[in-house]
């Protein structure tokens, strides 16, 4: 789960990570009140969407930039009026863009130098890793590709926690002077405490800055949390902004399904994440394009299968459906009953290919055959994938 910058900054403050003074506005009526909380002088206006590249983005009306420096609060008020409710298109939003439903105003900070700092999970070692660089304020992927020697990584033993020598190593690699080092050390420790205690999956500051006075500040904040741990953090779950998520993915989460929309035209309904990945691969192998990742899990009910069909049919790009089920714990006949019910309920008109294998598969295939519905059966995963690709071609 992602949160907005202003929400991430509030968490930063709670854990003692220094940030510049800021205030958020979600409606036009809140703009003046938000600006009143900041001192007079240069002010930053930041569009709040769950996507990177805001500063280089363009609004649908041609207005450039979702992050603006304004010399005065009066100009910040004017810029805010142009951003709020407008649609911002960045490299990460795709051509459709995202509607800006919130703004974040911050006091403009004097910058001595910019750095990059992040904490995330290193899946190769199953440990938190701190990633730091002297090249802040730019695309970190470009730094990693062109100048990897400027990217420094420190793996943290989760049983021991962040050690003092590791903090000193990061400070040394980034070249902070003694005054900056004291502030940076406190910031790094506080950031790791937040990462660990909130079950975050990633915390990124780009840029982290040093000030002429010798301090450090988190000038930006991008934070995401492990969905599987949100039951432990209701206060964080309350920050979820459903407007920033695909409506189909929201509906799927309510039904206990794992769904991710893609840009193809063959919908997939599969049990198990590994099988779902293989299903998408084999569709591509036969020349098709998957429209989604949809895992109904190992113990799906008829109701969940029906919900999955409704979600799939909510995508106007879908031209055919491939159901690929391997019944281990799952009963294939339960899936078959759910498919029949869903097809009748929705009045499905597009091609549907079903491959069933495993627990109670004979009964499942009989249920499909006796339904009288136009359901194509696949003898194997390859056979079924080839059939659905041909049917939607």
Sites residue 74 and residue 263, calculated FRET efficiency, Cβ-Cβ separation with R0 35 Å, nearest 0.05 | 0.20
Measure nothing fancy, just the Cα-based angle from helix 332-346's long axis to the longest principal axis of the chain, in degrees from 0 to 90, nearest 10.
-> 80 degrees
Inter-label distance for residue 165 and residue 153, nm, one decimal - labels placed 7 Å from Cα along Cα-to-Cβ | 2.1 nm
Sorted from largest down, give the three principal axis spans of the alpha carbons of region 289-376, whole angstrom values.
-> 34, 27, 23
Taking the convex hull of Cα positions in region 154-295, its mean projected area over all directions (nm²) | 12.3 nm²
Computed P(r) (all Cα pairs; region 113-237; 5 Å bins; percent) | 2, 11, 21, 24, 20, 13, 6, 2, 0
May I ask you to sort 329, 321 by Cβ crowding, counting other Cβ atoms within 10 Å and putting the fewest first?
-> 329, 321
Alpha-carbon radius of gyration plus Dmax, which is the widest Cα pair, for region 246-392 in Å = 13.3, 37
Tensor-based shape of region 73-127 (alpha-carbon gyration tensor, a/c under 1.5 rounded, otherwise prolate or oblate) = oblate
Can you give the convex hull volume of the alpha carbon atoms of region 231-332 per residue, in Å³?
-> 112 Å³
For region 196-272, the Cα convex hull volume per residue in Å³ comes to 157 Å³
Peptide ranges 339-348, 142-151 listed from the most packed, as the mean C-beta count within 10 angstrom indicates = 339-348, 142-151
Burial order of peptide ranges 210-216, 375-381 (average beta-carbon count within 10 Å, highest first) = 210-216, 375-381
For helix 302-313, report the angle its Cα long axis makes with the longest principal axis of the Cα atoms of the chain; keep it between 0 and 90° and round to the nearest 10°.
-> 70 degrees
Compute from the Cα atoms of region 81-164 the Rg and the Dmax, the latter being the longest Cα-Cα distance, and quote both in angstrom.
-> 17.7, 49
Rounded to the nearest Å, the spacing of the alpha-carbon centers of region 322-393 and region 198-252 is 40 Å
What's the angle, to the nearest 10 degrees (0 to 90), between helix 73-83's Cα axis and the longest principal axis of the chain?
-> 10 degrees
Along principal axes, largest first, the alpha-carbon spread of region 1-134 in whole Å comes out as 49, 36, 26
Please work out which option in (1) 64, 45, 40; (2) 73, 49, 38; (3) 78, 49, 39 gives Cα extents along the principal axes in Å calculated from these coordinates, and answer with its label.
-> (3)
Ranked packing of 35-46, 187-198, most packed first, by mean Cβ within 10 Å | 187-198, 35-46
Report the calculated FRET efficiency for residue 177 and residue 275 (r = Cβ-Cβ distance, R0 = 45 Å), to the nearest 0.05.
-> 0.25
Computed on Cα atoms, the radius of gyration and Dmax of region 266-316 in angstrom are 11.1, 32
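Any read-out appearing in this document is the output of simple, stated calculations on the displayed coordinates, not a laboratory observation. Quick caveat, the model's predicted, so the values are computed rather than measured. Neighbour counts are summed over all protein chains in view; Cβ atoms, including those assigned to glycine, are modelled from backbone coordinates with ideal geometry.
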